[in-house]
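To start, the structure under review is shown below, and the notes come after it.
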Amino acid sequence: MQPSKCFFHSLCFVPPDPLSSGVKIFGFSEFLASLALLVVVFTVTDTRYKFRITIAPLPLYAITFAIIALTGIISLVSDVWSAAKWWVLDSSFEIKIYIQATLGFCFLFCFMLWIYYAFLKPPVFSKRNQMKYINALYKYIAKGVEQELAIISDELGRSSKSLIKHAGRGDSATTQIANDILYLIGNKNFCKVLVATSPRTATYFFVSTATFKNYDIPLHQFSANVSQEVIKNKNSIIYHEDDGYDSGLMGEIQEWSKSFYGNYRLIDSLQRGHLSPFQFNYKTFLGFDNEQWDAYFRLS
């Protein structure tokens, strides 16, 4: 006759309850279905949300891997244990149910963490993610894919205040990295895409310099290339801000033109020892037509 109890030190093991052993909250099959869904979601995720996840202050990829690995192993062992009808601890509650509930909560927590940083609270440049931010930004700018740069240039606008605030003179790591990012976004190809797709990002940077009165920052290359591209591209924002009669509200308020060319302290700081927003490559001047020359003299 099989014993009803088995003792190991102070632990008491009993045969599994046939009624509760068939109850399943989050088993290995549910884990595989959830994992497949998570993989599909990540595969079809837009560049914008991949960038946000990458620059999150928490190590989301490491956390996700740890949770998935532990959840998969424990849920598999739990199902095998239940299927084999191995003895369980004698307790007033069903341990299997609590274990599976905990696994389900961990998997849900992992998913909600991604949702939080991708949609609810997208991260911006800060001390906590400074290295992640510059590495991710450098990767996209170095690749030079226009569709991706269009998204990244739009995302960059959300970090404009933080970058301008931390940039300038100083020996801190955050200041140095903020300066490096301002140098990095001076890339010609990036400025070209930014002018064509996300001109308000440049506005955020120019307005932030006036807000923080922080003009001693390495924004000269970015400003010069943006100024050059905004005149070369005859469909850019400045050609829609010429006057209120032809351009409506945009021509009346002239948000972009005033934020940059109307910021005299910024223009003066850029001209002194740096690149002037009006000093273009001679090849650029040779390629100007009447409309572009008109825009150039109007802004200067």
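The values are calculated or read from the model by the stated rules, or taken from the named source; none is laboratory data. Computed from a predicted model, the values in this text were never measured in an experiment. A quick note on method: Cβ atoms are made from the backbone with ideal geometry, for glycine too, and the neighbour counts reach across all protein chains shown. With ligands, DNA and RNA removed, areas are computed over all heavy atoms of the protein, side chains included. Shrake-Rupley method; radii C 1.70, N 1.55, O 1.52, S 1.80 Å.
Hey, with R₀ at 35 Å, roughly what FRET efficiency would T47 and H274 work out to, going by the Cβ-Cβ distance, to 0.05?
Working: r = 32 Å, r/R0 = 0.92.
FRET efficiency, T47 to H274: 0.65.
So what does log10 I(q)/I(0) come out to for segment 195-266 at q = 0.29 Å⁻¹, using the Debye formula with one equal point on every Cα and no solvent? Here log10 of I(q) over I(0) equals -1.40.
Within segment 58-176, how many Lys pairs that are eight or more residues apart, or on different chains, come under 17 Å at the alpha-carbon? The partial results should precede the final answer.
Values: K85/K96; K121/K132; K121/K161; K127/K161; K127/K165; K132/K143.
Count of close lysine pairs: 6.
Taking only the alpha carbons of the chain, we obtain Rg and Dmax values of 28.9, 103 Å in that order. Relative to the longest principal axis of the Cα atoms of the chain, the long axis of helix 188-197 lies at roughly 80 degrees. Can you give the angle from 0 to 90° between the axis of helix 173-184 and the longest principal axis of the chain, with both taken from C-alpha atoms, to the nearest 10? Compared with the principal axis, the helix lies near 60 degrees.
Across segment 177-300 the C-alpha pair distances fall into 5 Å bins from zero in the proportions 2, 11, 21, 26, 22, 12, 5, 1, 0 percent. With the simple model of a label 7 Å out from the Cα in the direction of the Cβ, K132 to R158 spans 1.3 nm. A convex hull fitted to the Cα coordinates of segment 92-204 yields 143 cubic angstrom per residue. Rounded to whole numbers, the Karplus 3J(HN,Hα) couplings from phi for segment 263-268 are 8, 5, 5, 5, 4, 5 Hz, using 6.51 cos²θ - 1.76 cosθ + 1.60 with θ = phi - 60°, and x at Gly and Pro. The C-alpha atoms of the chain define a longest principal axis, and helix 146-156 lies at about 90 degrees to it.
Only protein heavy atoms count here; on that basis, with a 1.4 Å probe, L120 has an accessible area of about 130 Å².
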